[in-house]
């Protein structure tokens, strides 16, 4: 029973990857007036799926090495380290994310202070 | 990377996808890690598609075939994870 459920889950995930890869290929193809054959799309989707396996196993290993069970941003950075361009890209995105979080913290902090002042008044 | 556009995987899908490959059930993903992994996969797919397209272009083909992708695959895998060694 559970194995069947797992299989359906895997099939659904594969279908989702296949669909998104198809849209990417269509977009890039349109820009160059070239179509991707169905086989080519399927092959890219399958490779992406397997790449996910490799990424996931790496992330899990890095988290475990850091004595954590939760995969963090640092683990993702380690996974991206081999390609300088990718590594820079991920670094920038993670800094953007950190900034966003800081902004959120600041606004909620202000709100809290404001309400404190209100109660004092 | 040009032309990545709006087409993207959902965070939920990426989270489920990665979790399904974890060896241990207790391994979890932080929200930010999911966002960054979605970016990583986007880069990977875009690279695969762009390089295949270029290969087809260099061979003067109107359609990108699986053979074009096969030709760029080894370098793609090497570039993304140098550690992906095949043992068989």
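The values are calculated or read from the model by the stated rules, or taken from the named source; none is laboratory data. For clarity, every value in this text was computed on a predicted model and none was experimentally measured. In this analysis, Cβ positions are derived from the backbone assuming ideal geometry, glycine residues included, and neighbour counts consider all displayed protein chains.
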All but one of (1) more than 13 Å from the chain's Cα centre (by Cα); (2) modelled with pLDDT under 95; (3) surrounded by 18 or more Cβ atoms within 10 Å (Cβ to Cβ) hold for residue B:42, so report the exception by its number.
(1)
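So that you can scan it fast, the table gives a plain yes or no per residue for (1) over 24 Å from residue B:79 (Cα atoms); (2) at pLDDT below 90; (3) at the interface with chain B (Cβ under 8 Å from one of its Cβ atoms):
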residue	(1), (2), (3)
A:25	no, no, yes
A:29	no, no, yes
A:36	no, no, yes
A:59	no, no, yes
A:76	no, no, yes
A:87	no, yes, no
A:94	no, no, yes
A:99	yes, no, no
A:103	yes, yes, no
What's the total number of residues in the range A:22-39 that are part of a helix (DSSP H, G or I) and out of contact with any strand residue (DSSP E or B) (no Cβ under 6 Å at 6 or more places or on another chain)?
10
Only one of these is more than 18 Å from residue A:73 (Cα to Cα), touching a helix residue (DSSP H, G or I) at 6+ places or on another chain (Cβ under 9 Å) and outside any loop (DSSP other than H, G, I, E, B): B:34, B:45. Name it.
B:45
Among the numbered conditions (1) at pLDDT 95 or above; (2) over 21 Å from residue B:53 (Cβ atoms), tell me where residue A:4 comes up short.
(1)
Tell me yes or no: at least one residue of the range A:48-56 is touching a residue at least 12 places away in the same chain (Cβ under 8 Å), touching a strand residue (DSSP E or B) at 6+ places or on another chain (Cβ under 6 Å) and at the interface with chain B (Cβ under 7 Å from one of its Cβ atoms).
no
